[in-house]
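The values are calculated or read from the model by the stated rules, or taken from the named source; none is laboratory data. In this text the structure is predicted, and so the values were computed from the model without any measurement. With ideal geometry, Cβ positions are generated from the backbone for all residues, glycine too; neighbour counts draw on all protein chains shown. SASA here: full protein model, heavy atoms, side chains in, ligands and nucleic acids out. Shrake-Rupley method; radii C 1.70, N 1.55, O 1.52, S 1.80 Å.
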Amino acid sequence: MKFTVADLLDQLPASEPLSLARLEKALGLSQKAEKEQLRIGLEALARLGLVEQLDEGLQRRSNDELVPARLRCSSKGFCFALRDDGGEDIYIRDHQLNHAWNGDRVLVRITRDGGRRRSPEGGVQCILERQTTSLLAQLDQQDGGLFANPLDDRLLTSIALPPDDQQHLAQADTAVVEVVVDRFPVAQHRAQGHVARSLPINGGDGADLDLLLTKHHLQSRPAAPRATPRATKDEGREDLTALPTVLLQAWEGKEAPTTAAVSLETVDGGWRLWVHAPSVAERVAPGSSTDQWLRDQADAICLGDHWLPLLSPTLSKACGFKSGDTQEALSVALELDSRGDLQHFRFMRSRIKVDGSATPAALDALVERKPKSRTLPAALKPLKDHLPLLEQLVELSGRLRELRLAAGSIDLDLPLPPLERLADLTIPAPEAAGGGWLVELPVHHPQAILRDCVLVAERALGRHLAALALPGLFAVNDAPSAADLHEVAKAALALEIPLELSEEGETSAADLARQFAQTDRRRPLQQQLRGTLRPVLLSREAGAHALAGETLALAPWCCPTLHYADIWNQQLLLTLLLEGKDRPSVRHKTSVDLASDSCHGAIDWPLLAPGVLVPYSEDLEHGLPERLNQRERLVQELSNDLVAMAQARKAQPLVGQTLPGVISGVQSYGFFVEVPPSQVEGLVHVSSLKDDWYEYRSRQNRLVGRKNRRAYMLGDTVDVVIEKVDALRHQIDLAVVLPEGEDDQPVNDQTVSDLPEGDRPEGDEPPFDDA
């Protein structure tokens, strides 16, 4: 179909009816067959109580019994619906999937409430949007037909192929195929598709990248519209070119996006911090073809040594900052006290001049330089006139980090492995995105400085929009559940790690992070803690942002070269600055400054003319935050796959070698070991432990041999042999090497199924191995 159910629902307003003709136009439907598909879809949605046919037209209805969610499945057939609202995951039995696949956006009806140790159960009632329209697969000929078995074994299906695709069988051992889904399964009919092309399995770095881009449907991106960026207006723009300004730039890959620039002044025992963001929104008309194209792209994507940029080349050239050049910007002046606490702020359209670019090499040289040294390292020579500014920025960065951590933010010492293929991927982005934690960086690292400056600037806009009751794309980050933190604390106590707990035996994620950082098992414990942290999500409602230490609101706007959400919030900010009413009427002589927090609580008149905010409200009502969140998840999955592929390729030459590793996780079916130098994680399955029968002690989070009492627990160092590397599936099989002189023969000939039921280990297969 030309549209998805999600597209259809997004176009239907809940406030007023929409005529069928206008709906067809909004969906871009012109063919008779397309309109017939729309009619069928509307009838089905009406039966679900989601659409009502009125005399005036069609109107969307809410149905609280249907829960929007994203499906997550495992290769073992376990499926859960991850709710959009962050509620408890819903278990979906295979006969309740109704042909939904892993990753699909669905509506679920709960059929059984959850209990203390049991998830709620439900069934898929409607597939809102298919995630998998094409996939990587291996060919299989059976029962006289040709089928594609997805490489991603979380897709619990096979796809029937036409006879002509048998030509690809000759390369089955050396290649996989890209299969385009022509028809999804319906009733008793299986999915159908065709082979688009073959891709080599061991074709080098470029072929690996092609495999991953194909897997995530990014092998080809639509071209940007042929549109000239809008000209900016000089009226009302503040000239900040005399203000010393530096660009903090850590990425070096091809087409790496420009980040924000910063300035700093000392004032009255505190600081005035300036953050200057590329003014992308001034050059893109809201609702234009370029704006829609940027919305569809959603994010810039790092592929290691190069990027898939968010902005088109012409837009990037028009907006980017460059040393020595004067450029338009959106800026904010942040008044900070001596501790670094935000006191006041003011936004403005500005013109800046970047005086230099501070790279990691330059800031390393700054920190290592002796105070009275007369020689200047080569990396600092381009910045010789701005060394005091850089030193002050490093000092302020340290204070902002201390405040953020004291407010509950979490830095973890879990960087990506320093593999050459990963390049820019190893350098975290300056905004607080991702999995609810920040990579611990040296206080003088460019991204560390920029990160904390950006967080303060985005807290300012969040508070400003919330105080003025304006719509916005707010970033929210909830604290992890107490139950999850309790499990992590229990694992640490089982390792005899001393913890400070409340009288009720509870603790916070930030407290655990601080205490884990002092132990000799910090990495595996921080990895366990990482699994409990909740991601940063976009929301139409203002809320707390635990990662930034913000209790009121945070609205992203400083990284428009990275995320469309920042462009959208910039458009809203520009609307306020250019069209906002600073007084009730022209007859009033006293006005307020709408760009500053000084106007908070002083406005009792409509800020904007009727209709100005309608497009923004409609974007939020039609699911823009959810779509951008989904896109961010897909980008993160691609990043994870890039890392896993690089690690697996690094491990392939080591097959058969014995290496030291550290146990990073223990389950009933075995334990995971992290192996240097790539930090690749492999599984030692319990069935490979031949020296004894091993039981899983869930309370102590360890495997213990029944007779020899040997234990494998989190953080233990073990020697392992890399037995097998499946780079396509990112699976590494390991075997433990026992200490010299110890018996590695089976203690008897029993199998697990031979043991009495009460003596069996708790399980030998994971409920989720790769989902």
Taking the criterion of being at pLDDT below 95 and over 23 Å from residue 383 (Cβ atoms), would at least one residue in the range 320-334 satisfy it?
no
Yes/no for residue 443 being within 24 Å of residue 561 (Cβ to Cβ) and among the β-branched types (Val, Ile, Thr):
no
Quick one: in the range 189-205, of everything that is open to solvent by 70 Å² or more (accessible area, probe 1.4 Å) and not in a helix (DSSP H, G or I), which residue is nearest to residue 303 (Cα to Cα)?
202
Considering 733, 726, which residue is under 31 Å from the mean Cα position of the chain (by Cα), modelled with pLDDT of 95 or more and open to solvent by 30 Å² or more (accessible area, probe 1.4 Å)?
733
When only residues in the range 1-33 that are open to solvent by less than 40 Å² (accessible area, probe 1.4 Å), closer than 23 Å to residue 181 by Cα and not polar (S, T, N, Q) count, which is nearest to the chain's Cα centre (by Cα)?
6
Could you name every one of the strands (runs of 3 or more DSSP E) located completely within the range 83-188 that has at least 1 residues being touching a strand residue (DSSP E or B) at 6+ places or on another chain (Cβ under 9 Å) and without any contact (Cβ under 8 Å) to a residue 24 or more places away in the chain?
105-112, 134-142, 145-150, 175-183
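Out of the residues in the range 574-601 that are assigned to a helix (DSSP H, G or I) and either among the acidic types (Asp, Glu) or in contact with a Lys or Arg (Cβ under 9 Å, 6 or more places away or on another chain) (or both), which is farthest from residue 330 (Cα to Cα)?
My answer is 598.
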Reported set for the range 400-454 where residues are in a helix (DSSP H, G or I) and among the polar types (S, T, N, Q) is 426, 447
Tell me, which residue of the range 549-564 that is small (Gly, Ala, Ser) and open to solvent by less than 10 Å² (accessible area, probe 1.4 Å) is nearest to residue 429 (Cα to Cα)?
555
Please work out if residue 418 is open to solvent by 50 Å² or more (accessible area, probe 1.4 Å), closer than 30 Å to residue 644 by Cα and without any contact (Cβ under 8 Å) to a residue 24 or more places away in the chain.
yes
Given (1) buried (at least 17 other Cβ atoms within 10 Å of the Cβ); (2) at pLDDT 95 or above, number of the condition residue 383 does not satisfy:
(2)
The range 73-105, residues that are farther than 22 Å from residue 9 by Cβ, in contact with a Lys or Arg (Cβ under 8 Å, 6 or more places away or on another chain) and open to solvent by 50 Å² or more (accessible area, probe 1.4 Å)
89
Could you run through the range 267-278 and say how many residues are open to solvent by less than 10 Å² (accessible area, probe 1.4 Å) and of a type in the set (A, V, I, L, M, F, W, C)?
3
Sole residue being over 14 Å from residue 10 (Cα atoms) and modelled with pLDDT under 95, chosen from 627, 631
631
Considering only the range 614-722, give the strands (runs of 3 or more DSSP E) lying wholly within it that have at least 3 residues that are surrounded by 20 or more Cβ atoms within 10 Å (Cβ to Cβ).
658-667, 670-675, 680-685
Answer yes or no as to whether residue 470 is on the phi < 0 side of the Ramachandran plot and either open to solvent by less than 20 Å² (accessible area, probe 1.4 Å) or at pLDDT 95 or above (or both).
yes
When (1) over 18 Å from residue 404 (Cβ atoms); (2) among the charged types (D, E, K, R); (3) within 23 Å of the chain's Cα centre (by Cα) are applied to residue 478, the one that fails is (1)
Residue pairs qualifying under the 8 Å Cβ cut-off, at least six apart or on distinct chains, with the first in the range 456-469 being over 15 Å from residue 543 (Cβ atoms) and in contact (Cβ under 8 Å) with a residue 12 or more places away in the chain and the second being among the β-branched types (Val, Ile, Thr) and in a loop (DSSP other than H, G, I, E, B), are 468/603
Of all residues being charged (D, E, K, R) and in a loop (DSSP other than H, G, I, E, B) in the range 518-548, which is least open to solvent (accessible area, probe 1.4 Å)? Just the residue, please.
521
Checking residue 597 against (1) acidic (Asp, Glu); (2) within 30 Å of residue 235 (Cβ to Cβ); (3) open to solvent by 70 Å² or more (accessible area, probe 1.4 Å), which test does it fail?
(3)
Of everything in the range 49-60 that's open to solvent by 30 Å² or more (accessible area, probe 1.4 Å), touching a helix residue (DSSP H, G or I) at 6+ places or on another chain (Cβ under 9 Å) and not acidic (Asp, Glu), which residue is nearest to residue 128 (Cα to Cα)?
60
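Looking only at the range 212-220, decide whether some residue is under 19 Å from residue 455 (Cβ atoms) and either in contact with a Cys (Cβ under 8 Å, 6 or more places away or on another chain) or open to solvent by less than 20 Å² (accessible area, probe 1.4 Å) (or both).
Here is the first cut: in the range 212-220, the ones under 19 Å from residue 455 (Cβ atoms) are none.
Within the range 212-220 (the criterion being under 19 Å from residue 455 (Cβ atoms) and either in contact with a Cys (Cβ under 8 Å, 6 or more places away or on another chain) or open to solvent by less than 20 Å² (accessible area, probe 1.4 Å) (or both)), the answer is no, since none of the residues qualifies.
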Per the filter on the range 600-613, residues aliphatic (A, V, I, L, M) and exposed (fewer than 14 other Cβ atoms within 10 Å of the Cβ) are 602, 609
